[in-house]
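A.B. asks: Sharing a structure here in structure tokens format.
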Amino acid sequence: MQIKDLCTHCGYWTISTIEHDDINATFTCTHCKNEFQLPWNTETRFLIRSLRQSIKKRTKEYPELRELKNPGDFIKVEAKINQTSN
Ligand SMILES: [Zn+2]
């Protein structure tokens with residue numbers, strides 16, 4: 001499966017692939033090819049689900065994330081200045 005995620009290695013929003021063999025889940029950034037593993041368990045599945053949900057909110061905030069379509073695509077999102085202080 002694929003998710004859009006902020007890669008901590010290259011610092012871009014990219015498409016990550018997730019493959020699992022029932023023991024480990026391997027997350028791979030399709031841009032910089034950085035990969036890491038997490039145990040394939042309830043926690044990881046929950047993490048993936050919350051990543052999928054948060055991307056919807058992120059896309060509303062940063063419409064440029066819609067441009068992220070194909071493996072290897074990468075987008076730098078400028079952090080918006082938080083207008084509400086405190
Ligand atoms: Zn990356």
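Coordinate-derived values only; no laboratory data. Everything numeric in this text was worked out from a predicted model, so none of it was measured. When we count neighbours, we look across all protein chains shown, and the Cβ atoms used for this are built from the backbone with ideal geometry, even at glycine.
A.B. asks: With a ≥ b ≥ c taken as the square roots of the eigenvalues of the C-alpha gyration tensor of segment 2-75, please select rounded if a/c is under 1.5 and otherwise prolate if a/b is larger than b/c or oblate if it is not?
C.D. replies: Oblate.
A.B. asks: Please give the residues of segment 1-38, grouped as numeric ranges, whose backbone N is less than 16 Å from a label point set 7 Å along the Cα-to-Cβ vector of LYS60.
C.D. replies: Under 16 Å, as judged by backbone N against the label point of LYS60, lies no residue of segment 1-38.
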